[in-house]
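So the structure is just underneath, and the comments pick up after that.
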Amino acid sequence: MLLENRNAVIYGGGGSIGGAVARAFAREGATVHLVGRTPTTLAKVADDIRAAGGAAETAEIDAFDEDAVTAHAATVAERGSLDISFNVISHPDHMGKSVVDMAYADFEEPVTRRLRTMWITTKAAAPHMIAQGSGVILTYGGYGDPQANLGGLQVGFGAVEALRRTLARELGPKGIRVITVQTGGIPESLKEEIPAKARESIGKGIAEATMLGRAATLADVGNAAAFAASDWARSLTATKINITAGSVVD
């Protein structure tokens with residue numbers, strides 16, 4: 001198994017993306033520590049993992065609470081190691097308008113929230129990874145070609161990408177890798193609050209924008225993240241794993 005005897009902390013572990021990655025990590029032998037604000041969704045993912053023979057624990061924590069995030073990371077590390085930190089927390093995005101037609105507060109919110117939670121969760125994990133001389137920090141989303149009327153969504157992803165580059169440079173000499181799992185959108189992850197016809201239309205648009213004529217799936221995200229976090233990717237850092245099915249050209 002690719003991640004045997006490793007501890008992975010997944011912030012946003014109760015969501016569709018976080019859950020898919022958690023299941024893939026557990027399948028590959030990791031103990032997954034699911035962090036989020038909604039106990040019921042965390043418990044559902046944990047139960048699925050345990051039913052499949054994996055190991056999972058949950059913690060109800062707000063990722064904006066720096067003290068709580070730091071204390072939780074220390075607890076995980078005390079059990080032997082903290083090997084993987086993956087932040088896939090969703091944030092509110094005010095979309096549908098040109099940025100010049102938006103209030104600055106609405107534009108700024110997803111940018112600062114994404115950047116802040118990434119900074120807090122990385123700061124919590126890094127000291128333990130530095131002490132053990134190894135670790136993997138994963139981000140999610142990436143930055144592709146600009147699109148109109150997405151508000152601060154892509155700007156926020158771009159800010160996290162800039163932070164990822166800095167982290168890779170600073171933490172690489174300590175044995176820590178920093179990688180982005182980049183997608184062009186996962187139709188399966190669209191929230192149920194979105195009307196069914198709108199979800200279908202969005203999913204069709206995501207697929208049509210690709211070279212392969214299909215979008216990546218939740219399973220694809222989990223597999224890519226498991227690979228990125230494993231020793232099979234031991235020479236990869238300061239980069240992204242592009243699973244956009246060709247909608248973003250590198």
Using a Förster distance of 35 Å, how high is the FRET efficiency between Asp106 and Leu212, based on the Cβ-Cβ distance and rounded to 0.05? 0.55
Please give the calculated 222 nm ellipticity per residue for the chain, where each DSSP H segment of at least 4 residues contributes -39500 (n - 2.57) and the sum is spread over every residue; nearest 500 deg cm²/dmol? -14500 deg cm²/dmol
For segment 19-35, what does the Karplus curve 6.51 cos²θ - 1.76 cosθ + 1.60, with θ = phi - 60°, yield as ³J(HN,Hα) per residue in whole Hz, taken in order and with x for Gly and Pro? x, 5, 5, 4, 5, 5, 4, 5, 4, 8, x, 7, 8, 9, 10, 8, 10
For segment 216-229, in order, what is each residue's ³J(HN,Hα) by Karplus, 6.51 cos²θ - 1.76 cosθ + 1.60 with θ = phi - 60°, in whole Hz (x at glycine and Pro)? 5, 9, 4, 4, 4, 4, x, 5, 5, 5, 5, 4, 4, 7
Segments 88-94, 192-198, 33-39 sorted - mean Cβ within 10 Å per residue, highest first: 33-39, 88-94, 192-198
Note: probe point = Cα of Arg116 + 7 Å toward Cβ; backbone nitrogen < 17 Å; residues of segment 136-179 passing the test are 152-153, 156-157, 159-160
List the residues whose amide H sits under 5 Å from the amide H of Tyr140, counting only those 5 or more places along or on another chain, with H placed 1.01 Å from N in the peptide plane. Val181
Protection proxy (average C-beta count within 10 Å per residue), highest first, orders 173-182, 141-150, 226-235 as 173-182, 226-235, 141-150
How much length is gained if the chain between Val99 and Asp250 is pulled fully straight, taking 0.36 nm per residue apart and subtracting their Cα-Cα distance, in nm to one decimal? 51.8 nm
Nitroxide proxy distance, nm - points 7 Å out along Cα→Cβ at Ala71 and Asp47: 2.8
Which of Asp48, Asp67 has the fewest other C-beta atoms within 10 Å, and how do the rest follow up to the most? Asp67, Asp48
Given a cut-off of 25 Å, what percent of all Cα-Cα pairs of the chain lie beyond it? 40
Entries in Lys44/Lys240; Lys174/Lys240; Lys44/Lys123; Lys204/Lys240 that, when Cα-Cα distance is taken, lie over 22 Å: Lys44/Lys240; Lys44/Lys123; Lys204/Lys240
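Every number in this text was worked out from the coordinates using simple rules, so none of it is lab data. All of these numbers come straight from a predicted model, not from anything done at the bench. A quick note on method: Cβ atoms are made from the backbone with ideal geometry, for glycine too, and the neighbour counts reach across all protein chains shown.
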